[in-house]
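Peer 1: Next up is a structure, given as structure tokens.
The values are calculated or read from the model by the stated rules, or taken from the named source; none is laboratory data. Quantities reported herein were computed from a predicted structural model and do not represent experimental measurements. For neighbour counting, all protein chains shown are included, and Cβ atoms are generated from backbone atoms with ideal geometry for every residue, glycine included. Note: areas computed on protein heavy atoms with side chains; ligands, DNA, RNA excluded. Shrake-Rupley method; radii C 1.70, N 1.55, O 1.52, S 1.80 Å.
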Amino acid sequence: GAVVSQHPSRVICKSGTSVKIECRSLDFQATTMFWYRQFPKQSLMLMATSNEGSKATYEQGVEKDKFLINHASLTLSTLTVTSAHPEDSSFYICSASGGVSYNEQFFGPGTRLTVL
Amino acid sequence: AQTVTQSQPEMSVQEAETVTLSCTYDTSESDYYLFWYKQPPSRQMILVIRQEAYKQQNATENRFSVNFQKAAKSFSLKISDSQLGDAAMYFCAYRKSNNAGNMLTFGGGTRLMVKP
């Protein structure tokens with residue numbers, strides 16, 4: 001199946017700094033990418049949907065100025081957590097669909113963010 | 001809005017036995033897909049099985065099968081001959097239509113424990 005990677009897998013940062021997480025589709029062109037947030041022992045919560053070359057669509061309650069999403073190419077989307085605070089600590093997962101995988105979303109392995 | 005409900009936060013099964021995980025959903029759409037995803041301790045989301053709403057036949061994938069009751073809006077997952085490697089979080093998910101660019105709505109998850 002199609003492969004989606006995320007980088008970094010873990011990141012620890014100080015409060016007030018910004019952190020960028022990359023999501024790449026390795027063997028297909030991802031026209032749509034999704035960003036999820038998962039708290040411990042909870043389900044995945046969709047944060048935003050991004051289509052290549054367009055502005056991301058954010059879910060209700062997700063601050064677009066806080067969580068900047070860029071989907072500038074068909075293989076890369078980035079999530080930047082700006083001015084991170086301890087409450088932003090979470091597990092962030094991306095998924096991608098498009099091309100030959102048009103019928104399915106493929107998930108990245110996730111990024112654990114810890115804000116001190 | 002679509003909702004997905006998993007009423008069993010935790011389930012336990014003896015190795016080699018059969019277990020059924022429950023899922024109900026609510027939608028007014030006629031064209032949709034249902035999925036079961038597995039999330040092992042690695043946190044990587046793995047697609048277990050999918051069901052197209054227009055198909056009456058229940059989907060099967062080796063030891064995994066579903067009982068899709070469209071009128072009742074029920075979509076349960078049966079795992080036969082349970083193995084230790086089946087221990088994970090299982091999420092039921094709904095997607096409107098055949099377009100993978102549409103968002104997934106996840107249930108709250110069921111933690112499956114497999115006893116040796």
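Peer 1: Work through the residues other than A:THR75 whose Cβ is under 12 Å from its Cβ and net out their charges, Lys, Arg +1 and Asp, Glu -1.
Peer 2: Every neighbour counted, the sum reads -2.
Peer 1: Please name which of B:SER22, B:ALA88, B:MET103 has its Cα lying farthest along the dipole of the protein assembly as shown towards the positive end, using unit charges on Cβ (Lys, Arg +1; Asp, Glu -1) and the Cα centre as origin.
Peer 2: B:ALA88
Peer 1: If you roll a 1.4 angstrom probe over the protein chains with everything in place, what fraction of the accessible area of chain B belongs to carbon and sulfur, to the nearest %? Mind dumping the intermediate values first?
Peer 2: Numbers: 2540 of 5580 Å².
Carbon and sulfur together cover 45 percent of it.
Peer 1: Considering every pair of different Cα atoms, what Kirkwood radius, in Å, is found for segment B:1-99? Write down the numbers at each step before the final one.
Peer 2: Details: mean 1/r = 0.0720 Å⁻¹.
Roughly 13.9 Å, rounded to one decimal.
Peer 1: Output the pairs from A:LYS41/B:LYS55; B:LYS38/B:LYS73; A:LYS55/B:LYS70 with a Cα-Cα distance over 26 Å in this structure; if there are none, say none.
Peer 2: Details: A:LYS41/B:LYS55 33 Å; B:LYS38/B:LYS73 21 Å; A:LYS55/B:LYS70 36 Å.
Beyond 26 Å between Cα atoms: A:LYS41/B:LYS55; A:LYS55/B:LYS70.
Peer 1: Moving on. Leaving ligands, DNA and RNA out of it, report the carbon-plus-sulfur percent of the accessible area of chain A at a 1.4 Å probe. Each step should come with its number before you reach the end.
Peer 2: Numbers: 2890 of 5610 Å².
Answer for chain A: carbon and sulfur cover 51 percent of the accessible area.
Peer 1: Now a separate question. What is the packing order of peptides B:27-40, A:23-36, A:51-64, taking the mean over residues of other C-beta atoms within 10 Å and listing the highest first?
Peer 2: Values: B:27-40: 17.8, A:23-36: 22.6, A:51-64: 13.1.
Packing proxy ranking, top to bottom: A:23-36, B:27-40, A:51-64.
Peer 1: Something else: Quick one: net charge around B:LEU77, please, counting Lys, Arg +1 and Asp, Glu -1 for every other residue with C-beta under 12 Å from its C-beta.
Peer 2: Working: positive: B:LYS38, B:ARG50, B:ARG63, B:LYS78; negative: B:GLU61, B:ASP86.
My count for the surroundings of B:LEU77 gives +2.
Peer 1: Along each of the three principal axes of the Cα atoms of the protein assembly as shown, give the extent in whole Å, ordering the values from largest to smallest.
Peer 2: Reported extents, whole Å, longest axis first: 49, 38, 32.
Peer 1: Which semi-axis lengths, in whole Å and largest first, follow from the square roots of five times the eigenvalues of the Cα gyration tensor of chain A? Write out the running numbers ahead of the final one.
Peer 2: On the way: eigenvalues 105, 41, 32 Å².
In descending order, the three semi-axes are 23, 14, 13 Å.
Peer 1: When only Cα pairs under 8 Å and 6 or more residues apart are kept, what is the percent relative contact order across chain B?
Peer 2: Details: 286 pairs, mean separation 43.1, N = 116.
Reported as a whole number, the value is 37 percent.
Peer 1: Considering only the other residues whose Cβ falls under 15 Å of the Cβ of B:GLU15, what net charge follows from Lys and Arg at +1 and Asp and Glu at -1?
Peer 2: Values: positive: B:ARG63, B:LYS115; negative: B:GLU17, B:ASP81, B:ASP86.
Net local charge, B:GLU15 excluded: -1.
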